[in-house]
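So the structure is just underneath, and the comments pick up after that.
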There are 2 protein chains.
Amino acid sequence: MQEPQVKRSTLRDVAELAGVSYQTVSRVINQHPNVARRTRERVLSAIRQLDYRPNQAAKALATGRSYILQLLMYDIRYSDPLPAMIYQAKKQGYTLLISELSPFAAPEEIRAALDDLTARMIDGLLIYTPTPFFSYTEMRDLCRGVPFVLVGAALGIKSPSVVFDQRHGCELAIQHLLDLGHCQIAEISGQPQHIDAQLRHETMVSILKAHGLTLGPSLEGDFEVPSGYATAQKLLDSGEPFTALFVANDRMALGALRAFHEHGIRVPEDVSVVGFDDMGEAAYFNPPLTTVRQDLQVLAQQSVEYLVSMIGNPSMPVQQRVLYPELIVRGSTAPLK
Amino acid sequence: MQEPQVKRSTLRDVAELAGVSYQTVSRVINQHPNVARRTRERVLSAIRQLDYRPNQAAKALATGRSYILQLLMYDIRYSDPLPAMIYQAKKQGYTLLISELSPFAAPEEIRAALDDLTARMIDGLLIYTPTPFFSYTEMRDLCRGVPFVLVGAALGIKSPSVVFDQRHGCELAIQHLLDLGHCQIAEISGQPQHIDAQLRHETMVSILKAHGLTLGPSLEGDFEVPSGYATAQKLLDSGEPFTALFVANDRMALGALRAFHEHGIRVPEDVSVVGFDDMGEAAYFNPPLTTVRQDLQVLAQQSVEYLVSMIGNPSMPVQQRVLYPELIVRGSTAPLK
DNA sequence: ATTAAGGATGTGACCATTCACAATTAACAC
DNA sequence: GTGTTAATTGTGAATGGTCACATCCTTAAT
């Protein structure tokens, strides 16, 4: 039984107990090959006996590496990739530190958040914000040489990044509706500051144009359930006819489904609805939601993996890893009657 | 324009530039009162000029405090209080480090996770697991004197903790159903290893007993949407009659609603459904879900606040802060016809 | 037997900060 | 002008590790 307040044992304590120098203990901990078998065993036994754990703060100070990755994101509530990121980071021997920014953070706020980085000797940065604030070179300067990866940023951006091809996902959704015979397609979009939202919107407009169609009634929501509900209601009130609705994310789609239900509009008989994201609950909506799936597991895994390899090799060339969404067809879409 | 790879400036660099000793710079940084006004200004200007940031690793090493709180939890996917915790921690000047455990982690795993604690000089621990693994004294020893708070643990546990009175919440739900005239109440419970699930189940049984009623068909789910769906289906297949259903969380309730819908069973006309948690989407289910709300914001806020005050005052007496859930009545419940 | 090579171990300095204490300076009263 | 006190500033050691280098001891080759 050890006392709770007992001073933690150090490298030196272990060395003394094992009858070797502190350097030898250090070698054992860091798996240095040149330690005699017998000595190593003696040291290991002393470590066990003293319940010794190397002090990371001291190690970070001496080596300049903390084995901490920092995640900068704008709204943790809906961070579905978060668990996968934590898991991946751990798997690679890192711990993830999470910092939140306000929804549409000012550059100043980002700058301030990046200060932690210097202070905590962060090894790498994952930046997961809806808006790209800085150019690559600006970002590079701000990060003071710490490697970073933009997660879910704009396609084509010239920074280390892992992104979904939003355009492709959007095409899948619209093409699906067109194939079903719909030509009056309404939209509930996300905030235009949100880069993904903007891309989804633009793609939609351009595809319809390419088919000689024009966009039906279109309103802007904020990605939350209530806004989907309110917006769908306004869409109905507007009186403009539509037979299909493209919603920029599943959460708003849920709100829209509710609004339709309350107005006696049947989905998919009267209106087909397509969402975006494929959140876990989407398959159990009423009706189950046809949506565009983004595999956030892969996003997280790729982001962390890329970042860690940048840390290992700082001169690695800048790349953008592109992931492709896929369409999941469920009960909320049907052929136009 | 500073070079990206430039060596970070230190206390000494600032001191030299300001023409004072490093100690004086340290005093300025830590807002020590006894520094001459002019000197302080000179130092501050040098700090700005060099873009100096104190090194947290060094500070942690010297002071033994890291200003990091560690959160140990079992499944990050459904951690709704997480954002609030991060926010609260930041507000109090701490950063939150998140470690995940497997769903029903072995004591060994917890022990291993606690090692980070020593290594990283963690200031305090938030433990958010569905099962209490250790007694207070065991926990105290494991934490090696680092203060900890159990979040959402069992009511009555003799450890620093912040909990919801599950029994009360459950009573609200059942009483509501009884008031509506239901006396054949079915249940979808959570895993019995999950302390909350068990409490909800036990309370339900005992309340019904007190009213001279017996529990209708009851099956166990795993808190996920699909299990709610599958379990509800089995409930129907069993043929045992029931007019109301109590589901141990909203997520499973969503699955159950879907199953009922597919079987042509109307909610609430044929069956009333009550959930638990009041997740954000619950108000938009079809029908909107009557449920027991747990204010996770308050849970998070209280937990962090309590932990931080324990850090400030280690001899603080052990307490349990109890929060009370409330019933939110929506469209999924109706009087028995 | 002698020597070179290399494995095993130890020593001193250093990482960026704080702490305890010492030393200097200024301020004020007598 | 001197002493006393308080405010301001500086010094050395410590925190718990790592790194570069030096030393010692084997071992095998000449």
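Assuming R0 = 41 Å, can you tell me the calculated FRET efficiency for the pair A:Ile157 and B:Arg48, based on Cβ-Cβ distance, to the nearest 0.05?
It comes out at approximately 0.85.
Please find, in a Gaussian network model of chain B (springs between Cα atoms separated by less than 10 Å), the residue of B:Ala154, B:Ala84, B:Ala57 whose mean-square fluctuation is greatest.
Comparing B:Ala154, B:Ala84, B:Ala57 in a Gaussian network model of chain B, the most mobile one is B:Ala57.
Going down the table (A:Lys158/B:Lys59; A:Lys7/B:Lys90; A:Lys158/A:Lys209), which pairs top 31 Å between alpha carbons?
Correct reply: A:Lys158/B:Lys59.
5 Å is the cut-off here: which amide hydrogens, built 1.01 Å from N in the peptide plane, fall below it relative to A:Leu327, excluding neighbours closer than 5 in sequence?
A:Arg293
Would you calculate a helix-derived [θ] at 222 nm for chain A, using -39,500 (n - 2.57) for each DSSP H run of n ≥ 4 and dividing by the full residue count, to the nearest 500?
Mean residue ellipticity, 222 nm, calculated: -13000 deg cm²/dmol.
Per the Kirkwood definition applied to all pairs of different Cα atoms, how many angstroms is the hydrodynamic radius of the protein assembly as shown?
Answer for the protein assembly as shown: a Kirkwood hydrodynamic radius of 27.8 Å.
Put a point 7 Å out from Cα along the line to Cβ at A:Asp179; what are the distances to that point in the other copies, in nm, shortest first?
Spelled out, the distances from A:Asp179's label point are 5.1 nm.
Using Cα-Cα distances under 8 Å and only pairs 6 or more residues apart, what relative contact order does chain A have, in percent?
16
Could you give, in nm with one decimal, how far B:Arg321 is from each other copy of that position, shortest first, with labels 7 Å out from Cα toward Cβ?
4.0
Where in the stretch B:179-283 are there chymotrypsin sites (Phe, Trp or Tyr not before Pro) that are in a DSSP coil and have at most 15 other Cβ atoms within 10 angstrom of their Cβ? Please report the intermediate quantities before stating the final value.
Working: sites: B:Phe223, B:Tyr229, B:Phe242, B:Phe246, B:Phe260, B:Phe276; in loops: B:Phe223, B:Phe242.
Those that pass, being in a loop and sparsely packed, number zero.
Report the FRET efficiency, 1/(1 + (r/R0)^6), for B:Arg12 and A:Asp141, where r is their Cβ-Cβ distance and R0 is 30 Å, rounded to 0.05.
0.80
Starting at the first residue of the stretch B:160-166, write each ³J(HN,Hα) from the Karplus equation 6.51 cos²θ - 1.76 cosθ + 1.60 with θ = phi - 60°, in whole Hz, x for Gly and Pro.
x, 7, 10, 9, 8, 7, 4
I'd like the distance between the alpha-carbon centres of the stretch B:9-59 and the stretch B:193-239, rounded to an integer number of Å.
Here the two parts' Cα centres lie 63 Å apart.
In nm, what does the list of distances from A:Phe104 to its counterparts in the other copies look like, shortest first, when each label sits 7 Å along Cα to Cβ?
Relative to the other copies, A:Phe104 has label-point distances of 4.8 nm.
Along the stretch A:60-66, what does the Karplus equation 6.51 cos²θ - 1.76 cosθ + 1.60 (θ = phi - 60°) give for ³J(HN,Hα), rounded to whole Hz, x for Gly and Pro?
4, 4, 6, 9, x, 10, 9
Find which of B:Thr39, B:His182, B:Ile110 sits farthest along the positive direction of the dipole of chain B, computed with +1 on the beta-carbon of Lys and Arg, -1 on that of Asp and Glu, about the Cα centre.
B:Thr39
Just to be sure I follow: if Rg is taken over the C-alpha atoms of the stretch B:67-151 and Rh is the Kirkwood radius over the same atoms, what is Rg/Rh? Each step should come with its number before you reach the end.
Values: Rg = 12.1 Å, Rh = 13.0 Å.
When Rh is taken as the Kirkwood radius, the ratio is 0.93.
Got a sec? How would B:Leu125, A:Leu142 order by Cβ neighbour count within 10 Å, fewest to most?
A:Leu142, B:Leu125
Measuring from label point to label point, each 7 Å out along Cα→Cβ, what is the B:Lys209 to B:Ser21 span in nm?
7.3
Considering the Cα trace of the stretch A:116-166, what is its radius of gyration and what is Dmax, both in angstroms?
Gyration radius and largest Cα-Cα distance of the stretch A:116-166: 11.1, 36 Å.
Using all C-alpha to C-alpha distances in the stretch B:20-164, build P(r) with 10 Å bins and read off the rounded percent in each one.
10, 33, 27, 15, 12, 3
Determine the distance separating the Cα centre of the stretch B:129-179 from the Cα centre of the stretch A:158-172; give it in Å without decimals.
44
Starting from the alpha-carbon convex hull of the stretch B:166-294, give the projected area averaged over all orientations, in nm².
Quarter of the Cα hull surface area: 6.8 nm².
Given bins 10 angstrom wide, list per bin the percent of all Cα-Cα distances in the stretch A:104-197, short to long.
For the stretch A:104-197, the pair-distance distribution reads 14, 39, 24, 14, 8, 2.
Net charge near B:Leu11, counting Lys/Arg +1 and Asp/Glu -1 over other residues with Cβ under 12 Å of its Cβ?
For residues surrounding B:Leu11, the net value is +3.
For the ranges A:116-123, A:307-314, what's the packing order if you count other beta-carbon atoms within 10 Å of each residue, average per peptide, and put the highest first?
Top to bottom by mean Cβ count within 10 Å: A:116-123, A:307-314.
Can you give the local net charge around A:Gln175? Use residues other than it whose beta-carbon is closer than 13 angstrom to its beta-carbon, Lys and Arg +1, Asp and Glu -1.
Summing Lys and Arg as +1 and Asp and Glu as -1 gives -2.
Averaged over A:51-60, how many beta carbons belonging to a partner chain fall within 10 Å of each residue's beta carbon?
6
Sort the following peptides by mean Cβ neighbour count (other Cβ atoms within 10 Å, averaged over residues), highest first: A:194-201, B:208-215.
Output ranking for A:194-201, B:208-215: A:194-201, B:208-215.
To check you understand DSSP bridge types, tell me what percent of the beta bridges within the protein assembly as shown (both residues inside) are antiparallel, rounded to 5. Numbers along the way, then the final one.
Values: 7 of 75 bridges.
The answer is about 10 percent antiparallel.
Quickly rank B:231-240, B:61-70 as a protection proxy: mean count of other C-beta atoms within 10 Å, highest first.
Ranking the peptides B:231-240, B:61-70 by packing returns B:61-70, B:231-240.
Could you tell me the ratio Rg/Rh of the stretch A:11-54? Both radii from Cα atoms, Rh via Kirkwood.
0.90
Around A:Ser218, what is the net charge, scoring Lys/Arg as +1 and Asp/Glu as -1 over all other residues with Cβ under 10 Å from its Cβ?
The answer is -3.
Got a sec to turn the phi values of the stretch A:292-301 into Karplus ³J(HN,Hα) couplings, 6.51 cos²θ - 1.76 cosθ + 1.60 with θ = phi - 60°, whole Hz, x for Gly and Pro?
9, 8, 10, 7, 6, 4, 5, 4, 5, 4
Report, as an integer, the average count of C-beta atoms from other chains found within 10 Å of each Cβ along A:85-92.
Across the residues of A:85-92, the mean count of other-chain Cβ atoms within 10 Å is 2.
Please tell me the relative contact order of the stretch B:11-54 in percent, rounded to the nearest whole number, where contacts are Cα pairs under 8 Å and at least six residues apart. Don't jump to the answer; show the numbers that get you there.
Details: 32 pairs, mean separation 18.6, N = 44.
Relative contact order of the stretch B:11-54: 42 percent.
Taking each residue of B:112-120 in turn, how many C-beta atoms of other protein chains fall within 10 Å of its C-beta, and what is the average? Spell out each step's value before the answer.
Working: counts 0, 0, 1, 2, 3, 1, 8, 10, 9.
Partner-chain Cβ atoms within 10 Å, mean over residues of B:112-120: 4.
According to the Cα gyration tensor, what semi-axes, each the square root of 5 times an eigenvalue, does the equivalent ellipsoid of chain B have, listed from largest to smallest in whole Å?
Output for chain B: semi-axes of 52, 20, 17 Å.
Please find the FRET efficiency linking B:Glu109 to B:Asn313, where r is the Cβ-Cβ separation and R0 is fixed at 51 Å, and quote it to the nearest 0.05.
Result of the calculation: an efficiency of 0.95.
Read the figures in this text as sums done on the coordinates, not as results from a lab. All of these numbers come straight from a predicted model, not from anything done at the bench. Glycine gets a Cβ as well: all are built from the backbone with ideal geometry, and neighbour counts include every protein chain shown.
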